[in-house]
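*Asks:* This is the structure I have questions about; it appears just below.
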Amino acid sequence: MKILSSWLREYLPALDVSDRQLADDLTLRGIAVEGFFSLQDAAGASLDNGALFEMDITTNRVDAMNHYGIAREAAAIYNVALQPLDVSLPQAKPAAKPFAVKIEAPDLCGRFTARVVHGIKVGVSSGKLAEYFTALGQKQISSAVDITNFVWLAMGHPTHAFDLDKLEGGIIVRYARKGEKLKLLDGTDRTLEADDLVVADEKKAIALAGVMGGWDTMITLETKNILVEAAWFSPASVRRSSRRHGLHTDASHRFERGADFNAAPVANALVTKLILEACGGSIEGDLIDVVVSEAAAKTANRPAITLSVAEVGRHLGETLDGKGISAEIIEQYLSALGCKLLPAAAGSYSVTLPSWRLDLEREIDLIEEVARVYGYNKFANTLPSFSGEVVELPYAHKESTLRTVLLTLGYSEAISSTFCAEADAELFSRYAAVPMGNPLSEEAGMLRPSLVPGMLGMLAHNLNRDVADLRFFEMGTIFTGSTDSVHEQPSLVIGATGGALASSLYSKDDALFFEIKGAIETLLAKFAHTSLTFDTAILPPWLHPGRAARAVLDGVTTAVFGQLDSIEESRRKLKQPVFIAEINLAHLYTLALRQPIAHELSRFPAVERDFSLVFADAVRWQQISDAVNTLQIATLLSTTPIEIFRDSKGKNVPAGHYSLLLRVVFQSPERTLREEELTVWSQSIVEALTRLGGKLRA
């Protein structure tokens, strides 16, 4: 944003530093001046104390997004007096009937002020306002409208003026009706949703609250009577409406970040004063000020914070001059910033927070403010004391093993955002997600209860840039619970798409499913366990039915995997099938890692035997493998499926059945195996599989 140094000096008459020094000192205090431009008069000569600052104000410092807020910062830095805003008004004429204001959405509108002004004459802005607007590059519209813009530039609080004669009855702040129409000041027609907040009269909506006023009640050169409005709207409500309708205005920019609850009546008075001076007219009736006590308690009337002088010294350490931060310095800086300090217990203060600093919540925030205003460059360079050693997390070795295995399998590690959208949190987790108090956007409003949304976002990002073959994994923390009680646990997600090849066991369409399954088996094989089975029970709704499964390790569901559901693929506009696996590391980390054991290689030849059998579809590989292993043949080295065949016509293999080519390998570490032994073992295997329902193929 742009700030005029000459405007700042109006609020700081005792300020005697140059504009360049002022810009440097503000920047060192976190109120960054990114650009410095000297202003010139019509003849090209530089103006005294006339500079334009291009500011970069962080989102948590909405109080500094105006001239008075920055002047307050300068007053604290230089210990000079800050001129109070002049909001004195002439005596109002008695009103026959108070103007009616009603808040029907108290959860979204915490305060609404209104004042009636009669007999104004709207014209073209002139004088100081026109001069400042020209220097700032601010568009001029008309005197009354320009004054509302002048006030938010001056003190940061958005206001609005309605043509009183175009209002039908009093003001009602309410939820919009779904499908309700509203023409805004930019000339666009908007269709409202039921959770949009509007300012309305008794017949229609007249403004999208906190975002933009309506066309039907705008100020024109014919306007004679106006209603001056200044309010406080919920940041979440303004952000939601602003994003939905694609409108980012000066008003929404400030309301979204948390406006000053107590600034509404001051801003209303300042607008009224300037309009009376520029446009004439008179005030009718008193200020209407409707306050929602619950909103006031959360903003302007927050509980005081206890600040210990000793804690300030402990955190900030030594200063370059050796004097340290005294109680007097603490009082000076915090009082200048708007805090009220009352002595409490020995060496501490009870600090009442200013209504315009919603970013101050804890004692450490106040300590940071003292350090910031004092100047970080004025503290001695010291390292914090440390005794002890770096302690490795208890599961660090297990995490490293998983990472090594996945990298070896060809997967690349990726990192996604810790936040996700509310809809994703509900879809991808069975547990309650933790909402953010002040989210950056609706797409990042929750702490992630699952790593899947982030993985899908990364896959989509690459697919949209024509990268078709992807193998990713991410290990990170997921969050469940509530704002008061956040539960964290480790999780792992694997994502794959494209580049899969068919084999004798499965088609190309199924290849990725079995690739993911193989990766999971390889990972779980690194941990000591009794049993591992796969089935299709209790699967999440975001997986494709019929193309998904879960891994059950010692009776506990440890992983779910499969193809992303087609509806979700379509919603995310994924160009090709995507396969996802989510692994519960919290359970996995409770198991010990297997210790590798080296065996001497046999010097005797291995013998292979193949068996071709037909099984019903209900018979799973795990049953076949278990049936062979329970024979406890000491020389049995491996049991492997080589080929699976189905006949859609039912001629060679009956319908509902499949043909399996099974290969077993025998090998003894002590001698060469004899043919009669192999015959007995082979017959035992055939009998075991026959009991399972298998039939030898001719």
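Bear in mind that the values in this text are calculations on the coordinates, not laboratory data. All of these numbers come straight from a predicted model, not from anything done at the bench. Neighbour counts run over all protein chains shown; Cβ positions are idealised from the backbone, glycine included.
*Asks:* Give me the extension gain from residue 621 to residue 17: residue separation times 0.36 nm, minus the current Cα-Cα distance, reported in nm with one decimal.
*Replies:* 209.2 nm
*Asks:* Now, a different point. Label points 7 Å out from Cα along the Cβ direction at residue 606 and residue 244: separation in nm?
*Replies:* Going by the 7 Å Cα→Cβ label model, 6.5 nm.
*Asks:* For 226, 538, which order do you get if you count the other beta carbons within 10 Å of each Cβ and list the fewest first?
*Replies:* Taking fewest neighbouring Cβ atoms as first place, the list is 538, 226.
*Asks:* Run the simple label-point estimate for residue 381 and residue 642 please: 7 Å along Cα→C-beta, distance reported in nm.
*Replies:* It is 7.2 nm.
*Asks:* Now a separate question. Of (1) 14, 33, 28, 16, 9, 1; (2) 16, 35, 27, 17, 4, 0; (3) 16, 41, 30, 12, 2, 0, which one was derived for P(r) over Cα pairs in 20 Å bins from 0, in percent from the structure shown?
*Replies:* Step by step, P(r) over Cα pairs in 20 Å bins from 0, in percent for this structure corresponds to label (1).
*Asks:* Using the alpha carbon gyration tensor of the stretch 101-298, what are the three equivalent-ellipsoid semi-axes (square root of 5 times each eigenvalue), largest first, in whole Å?
*Replies:* In descending order the semi-axes read 24, 18, 18 Å.
*Asks:* At 0.36 nm per residue, and after removing the present C-alpha to C-alpha distance, how many nm does the segment from residue 487 to residue 684 gain when stretched out fully?
*Replies:* 65.7 nm
*Asks:* If Lys and Arg each add +1 and Asp and Glu each add -1, what is the summed charge of the other residues whose beta carbon sits under 15 Å from the beta carbon of residue 146?
*Replies:* Summing Lys/Arg as +1 and Asp/Glu as -1 gives +1.
*Asks:* Using a cut-off of under 15 Å, list every residue of the stretch 421-443 whose amide N is near the label point 7 Å from the Cα of residue 365 along the Cα-to-beta-carbon line.
*Replies:* 437-439
*Asks:* For the stretch 519-593, compute Rg over Rh where Rg is the Cα radius of gyration and Rh is the Kirkwood radius from the inverse mean 1/r over Cα pairs.
*Replies:* 1.04
*Asks:* Right, something else. Can you give the local net charge around residue 508? Use residues other than it whose beta-carbon is closer than 14 angstrom to its beta-carbon, Lys and Arg +1, Asp and Glu -1.
*Replies:* -3
*Asks:* Roughly what would the spin-label model give for residue 130 and residue 10, points 7 Å off Cα along C-beta, in nm?
*Replies:* Taking the two extended label points, one gets 1.6 nm.
*Asks:* Between the alpha-carbon centers of the stretch 247-274 and the stretch 366-439, tell me the distance in whole angstrom.
*Replies:* 36
*Asks:* What trypsin sites (Lys or Arg not before Pro) does the stretch 96-131 have in DSSP loop regions with at most 15 other beta carbons within 10 Å?
*Replies:* Here the trypsin sites (Lys or Arg not before Pro) that fit, given the DSSP loop and packing criteria, are 121.
*Asks:* Rounded to the nearest 20 debye, what is the charge dipole size of the chain about its Cα centre when +1 sits on each Lys and Arg Cβ and -1 on each Asp and Glu Cβ?
*Replies:* Using only the charged Cβ atoms, the result is roughly 1540 debye.
*Asks:* Assuming R0 = 60 Å, can you tell me the calculated FRET efficiency for the pair residue 695 and residue 418, based on Cβ-Cβ distance, to the nearest 0.05?
*Replies:* In this case the efficiency is close to 0.65.
*Asks:* Give me the extension gain from residue 592 to residue 537: residue separation times 0.36 nm, minus the current Cα-Cα distance, reported in nm with one decimal.
*Replies:* That works out to 17.1 nm of additional length.
*Asks:* A further question follows. Which three numbers, in whole Å and largest first, are the semi-axes of the equivalent ellipsoid of the stretch 396-588 derived from its Cα gyration tensor as √(5λ)?
*Replies:* 25, 21, 16
*Asks:* Taking loop as defined by DSSP and a crowding limit of 14 other beta carbons within 10 Å, which chymotrypsin sites (Phe, Trp or Tyr not before Pro) in the stretch 402-492 fit?
*Replies:* 431
*Asks:* Test of the criteria: in the stretch 416-492, which trypsin sites (Lys or Arg not before Pro) are in a DSSP loop and have at most 10 other Cβ atoms within 10 angstrom of their Cβ?
*Replies:* In loop regions of the stretch 416-492 (DSSP not H, G, I, E or B), the sparsely surrounded trypsin sites (Lys or Arg not before Pro) are 430, 465.
*Asks:* OK, next. Summing Lys, Arg as +1 and Asp, Glu as -1, what charge do residues with Cβ under 9 Å from the Cβ of residue 241 carry, residue 241 excluded?
*Replies:* +1
*Asks:* Report the one residue of 98, 472, 383 whose Cα lies farthest in the direction of the positive end of the charge dipole of the chain (charges on C-beta: Lys and Arg +1, Asp and Glu -1; origin at the Cα centre).
*Replies:* Positive-end residue among those listed: 472.
*Asks:* Same structure, new question: If you average the alpha carbon positions of the stretch 282-331 and of the stretch 64-141, how far apart do those two centres end up, in angstrom?
*Replies:* After rounding, the separation between the Cα centres reads 24 Å.
*Asks:* Calculate the dipole size of the stretch 218-364 relative to its Cα centre from +1 charges on Lys and Arg beta carbons and -1 charges on Asp and Glu beta carbons; express the result in debye to the nearest 20.
*Replies:* 520
*Asks:* Give the calculated FRET efficiency between residue 28 and residue 346 to the nearest 0.05, with a Förster radius of 41 Å applied to their Cβ-Cβ distance.
*Replies:* After rounding to 0.05, the efficiency reads 0.75.
*Asks:* How do the peptides 453-464, 670-681 rank, highest first, by the average count of neighbouring beta carbon atoms within 10 Å per residue?
*Replies:* 453-464, 670-681
*Asks:* Efficiency by 1/(1 + (r/R0)^6): what FRET value for residue 96 and residue 575, r their Cβ-Cβ distance, R0 = 56 Å, to the nearest 0.05?
*Replies:* 0.25
*Asks:* Further question: Based on the Cα atoms of the stretch 306-378, what semi-axes does the equivalent ellipsoid have, where each is the square root of 5 times one gyration tensor eigenvalue, given in whole Å with the largest first?
*Replies:* So the three semi-axes of the stretch 306-378 are 19, 14, 10 Å.
*Asks:* For the stretch 604-698, max minus min Cα coordinate along each principal axis, in Å, sorted largest first?
*Replies:* Extents along the principal axes: 48, 21, 18 Å.
*Asks:* Where the centre of each part is set by its Cα atoms, how far does the stretch 539-591 sit from the stretch 156-212, in angstrom?
*Replies:* Comparing the Cα centres of the stretch 539-591 and the stretch 156-212, I get a distance of 46 Å.
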